[in-house]
Amino acid sequence: MSGAPAPATRLPLLRAWWIADRAGMLRAVALVLSAVSFVLLLPGLMKDGGAGFVVNNVVIHLYVLAWLMLATVGVRSIGAREVLTAYFLGTFLVPVVVFVPLIPIVRWLGTGNPALATWWVPPFEEAGLLAGTMLIAWRLCRRPGRLPGVLDLMVVGWSVGAGLAIHEDGMYRRFLPGFDEGGSLAGAFGGPYGAIFPTFYESPWGYLTTYHAGSGAIFGITVGLVVMFRHRLPLVRWIVPVVWLHATIDHAVYNDHLWNDTSPLRFLTANGHLQPVVLLLAVPALLAFEHWRRRRVDLGLPGFGWAGVREAARRGRGFLPKATRLLAYGQYHRARNAALAATWARPGEPAPAIDRIEAWGRIAFAPASPEAAERSTGEVPSETGHAAPPPPARRAEPPAPRAESPAPAGPPDGSAPSSDDDASAQPES
């Protein structure tokens, strides 16, 4: 037998990724096609709603999403695919779920009837936002040995609500957060919460609304608390109908102010300021909780932090290998967070399998070539500043299926692993 090494494949890292997560790659392609379809439809939305209004709405919702994603990067188990999925769901599916059942009511009452905006629209819209958030939460909870964290679902809920808000404001030719300033972008950042949540709007009557994205974020926190605590505190599931009822009352009271100067239910919502205060306090409180929870679980999977980003980029040779390694490291980091969440939330159950998570580490940290392997120390700095052996140290090449045992990149049955490691103020409707 010849001792010559086998010829290297042209894209070995992408081949390893296909082995580890082919379903995820296919879903990524589907999301790209959905995004292209949305871009092609965007000119029509801008024509109906005004390009400036639509662009301003996109900017302020992206602004909040950006700082939410950055603030939660250390504890998140979801990435861009889940965020885009949530946004498209809020843009296309939630309006259908909300407005199709309301068609006979609209024909009966008429579009300008105060009863429609006060009594009918709020419960349907809030239920649609809650259902959209729960749908994605259900899909994320189906991953074996993985669970989303509370902040994960807050980001999901925000994205669902942002999709609905941008769609609705486009249809009504308005930019609600900057309505009092003639639809200007600066007007959105000038409100009482504008520096952090420019998507909120305070009406001339002094009532504040978090609008759809804020409601979605509240629903995300609510569903996330149920996911995280249902095995430890079963009664926690009752907060879902309570929060939905309060969000519906808040929405109805705001819409009622378009025809009435006051409402006897204003005290229940603190003039609309209760939800904003909850969101402002929830982010730091949940960040502290998530970091505390992660320290209570040990799966034997090191957390490399930003040092892992640097090492994955250093081992790549060329743009495509670097990008592949960085994406794989992101998958490792988020999959590890999801496994830690599942282990903490389900006490007494067996620890989740970690071989599929390690597979992402092997893709991220595998030496680029035999020469690079000789130069590499085989160690990656950990989050604590000490050297820690990375998962890929056990082999120099990306994982591949073997005849005698299941591939580390897939479950025992040979199926692909989950990819989810993968002129006056206007009413909200």
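The values are calculated or read from the model by the stated rules, or taken from the named source; none is laboratory data. Predicted model, so just to flag it, every value in this text is computed and none were measured. All Cβ positions, even for glycine, are placed from backbone atoms using ideal geometry, and neighbour counts span all protein chains on display. SASA here: full protein model, heavy atoms, side chains in, ligands and nucleic acids out. Shrake-Rupley method; radii C 1.70, N 1.55, O 1.52, S 1.80 Å.
Assorted remarks:
- Dividing the mean sequence gap of close Cα pairs (under 8 Å, 6+ apart) by how many residues the stretch 170-223 holds gives a relative contact order of 20 percent.
- Probe 1.4 Å, protein heavy atoms only - accessible area per residue of the stretch 243-360 in square angstrom: 45
- Per residue solvent-accessible surface (Å²) - the stretch 54-118, probe of 1.4 Å: 43
- Put a dot 7 Å past the Cα of ARG139, heading toward its Cβ, do the same for ARG230, and the two dots end up 1.8 nm apart.
- Length available on full extension from ASP261 to LEU326: 0.36 nm per residue minus the Cα-Cα distance, which gives 17.9 nm.
- Solvent-accessible heavy-atom area per residue, rounded to whole Å², over the stretch 139-202 at 1.4 Å: 29
- Sulfur and carbon atoms: percent of accessible area, the stretch 235-304 [1.4 Å]: 71
- Placing a label point 7 Å from the Cα of ALA66 along the Cα-to-Cβ direction, the residues of the stretch 151-192 whose backbone N falls under 17 Å of that point are 159, 185-190.
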